[in-house]
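A.B. asks: Sharing a structure with you now.
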Amino acid sequence: MDFKEYQEKRDGLIADAQTLIDSGNLSEDYQSKKREIEDLDINYEAAIKEQANLEAMKDNHNIANIYTAAIKEAELHTKEVMGAVENEKPQESEEYRKAFMNYVLRGTTIPEKFKNIDEITKTPNVGELIPTTVMQKIIEKMYATGMIWSRVTKTAFKGGVKIPISNVKPVATWVAEGAGSDKQKKTIDDYVIFSYHKLKCTVAVSLEVDTMALPIFESKLIENVSEAMIRAIEQAIIDGAGTCGPKGITVYTPKPGQALSVMEADGIKWKDLCAAEAALPQEYEAGAVWLMTKQTFMQLYAMTDANGQPLGRINYGIGGKPERILLGREVIVNPYMQNFNGTVAKDTLCLMLFNLSDYALNTNLNMSLKKYEDNVTDDQITKSVMLVDGKVTDVNSLVTVTVKNL
């Protein structure tokens, strides 16, 4: 059946099911109608894919299996047959690439004319069987993600609800025998209100690509969509404006005495790092980490004290993963902040101290991945949607160091 017939039949079944719901009949009649709709969708999707497979197989004639367990000697072929590919490697031709795709996807064998002619296939030649333009791996730019996401506090409050914040704690007092103490009030200084911000990543591929693509393509596509969502969230956690997404850490104003600055000409020195550490209140020391780019850290790592000892340290665990330390405190390098390499184009916040657990990432709809078909174009859509907001719940652990441009 074509798409029009499928749509008309489906609309009719939907209408029948709706009638049963409206009449309160949710028994076997409704369940049966629901199964009809599901079966119709499954059969139609299967029919589309099989039709695409059939179209792709029409040109595959007189094919034989190229992958045999034993080493084979091929008979001499006439020069006329090989004439079309005489001046190029057979594995680079469009015809061979198409035949190879059919072999990988459907198990159909490659035509005889692409077998070795008068040579014996040995181990070094096996790679030649894969077309030069086809690889079972997608090579792409890698992004560093997850170092921020894994450390912030995850919450699931309803949007618009006020979450109270109190900076004042009760005080205990010493009293004489028989005496009482003053009654104290627990005060609320501020509130955090989370909103609904939609984060969405949608990728579309044509029906033909979805039907014929290698499995590595689909798995890599899903991985890319998820990675894009995490990267966008982490970027927002660091410097989001807070208007249509989370409010970033760098947007908040630190407590008095915790917003430090250095002049560009002077650069960041040992005393500046000590001043930042000193500005961090002692009660907020536990859990606070340095946040900066890798390039900024390596600039600081190259610094030494008066005795020539490095200020920074890099340890390597059992798995070889770097563990960066600065003044005894863990360093989380990330690609979302600005680099300091001796000069800055304008006033730039290059490093800060903060306890990432004091940042709340609130999700009303966790990251969900959905695949569906566009009924107009038959494109296969991969979509990920998330409702998310984020705010700093306690700014006391925030210490910033800004390089002032001259």
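The values are calculated or read from the model by the stated rules, or taken from the named source; none is laboratory data. Source: prediction; values computed, not measured. Cβ: placed from backbone, ideal geometry, glycine included. Neighbour counts: every protein chain shown. Each accessible area value is taken on the protein alone, full model and side chains, heavy atoms only, with ligands, DNA and RNA left out. Shrake-Rupley method; radii C 1.70, N 1.55, O 1.52, S 1.80 Å.
A.B. asks: How high is the FRET efficiency from residue 9 to residue 370, r the C-beta distance, R0 30 Å, rounded to 0.05?
C.D. replies: 0.80
A.B. asks: Turning to a different aspect of this structure: At 0.36 nm per residue, minus the direct Cα-Cα distance, what do residue 176 and residue 200 gain on full extension? Give it in nm, one decimal, please.
C.D. replies: Additional length available on full extension: 2.3 nm.
A.B. asks: Would you mind computing, in nm to one decimal, how far apart the modelled labels at residue 378 and residue 307 are, each placed 7 Å from Cα along Cα→Cβ?
C.D. replies: 7.5 nm
A.B. asks: Something else: What full-extension length gain, to one decimal in nm, is calculated for residue 316 and residue 347 as 0.36 nm per residue of separation minus the Cα-Cα distance?
C.D. replies: Gain on stretching residue 316 to residue 347: 7.8 nm.
A.B. asks: Quote the charge dipole size of region 231-308 about the Cα centre in Debye, to the nearest 20; the model charges only the Cβ of Lys and Arg (+1) and of Asp and Glu (-1).
C.D. replies: Around 220 debye, computed over region 231-308.
A.B. asks: I want to check the label-to-label distance for residue 162 and residue 29. Put each point 7 Å from Cα in the C-beta direction and report it in nm to one decimal.
C.D. replies: 5.2 nm
A.B. asks: For region 339-406, with the dipole built from +1 on Lys and Arg beta-carbon atoms and -1 on Asp and Glu ones, taken about the Cα centre, which of 384, 356, 344 lies farthest toward the positive end?
C.D. replies: Farthest towards the positive end: 344.
A.B. asks: Sticking with this one: At a 10 angstrom cut-off on C-beta neighbours, averaged per residue, how do the peptides 382-391, 357-366 rank from highest to lowest?
C.D. replies: Descending packing order for the listed peptides: 382-391, 357-366.
A.B. asks: Given a 1.4 angstrom probe, what's the average accessible area per residue across region 253-406, in square angstrom?
C.D. replies: 49 Å²
A.B. asks: Want the number for residue 405 to residue 253: 0.36 nm per residue separation, take away the alpha-carbon distance, what's left?
C.D. replies: Length gained between residue 405 and residue 253: 52.8 nm.
A.B. asks: What nm value, rounded to one decimal, do you get for the distance between residue 43 and residue 285 when each label is placed 7 Å out toward the C-beta?
C.D. replies: It works out to 7.3 nm between the two label points.
A.B. asks: A further question follows. Considering only protein heavy atoms and a probe of 1.4 Å, how much of the accessible area of region 349-401 is carbon and sulfur, as a whole percent?
C.D. replies: 48 percent
A.B. asks: Considering only Cα-Cα distances, which of the following residue pairs are longer than 18 Å: 154/255; 154/391; 9/370; 158/198; 294/404?
C.D. replies: 154/255; 9/370; 294/404
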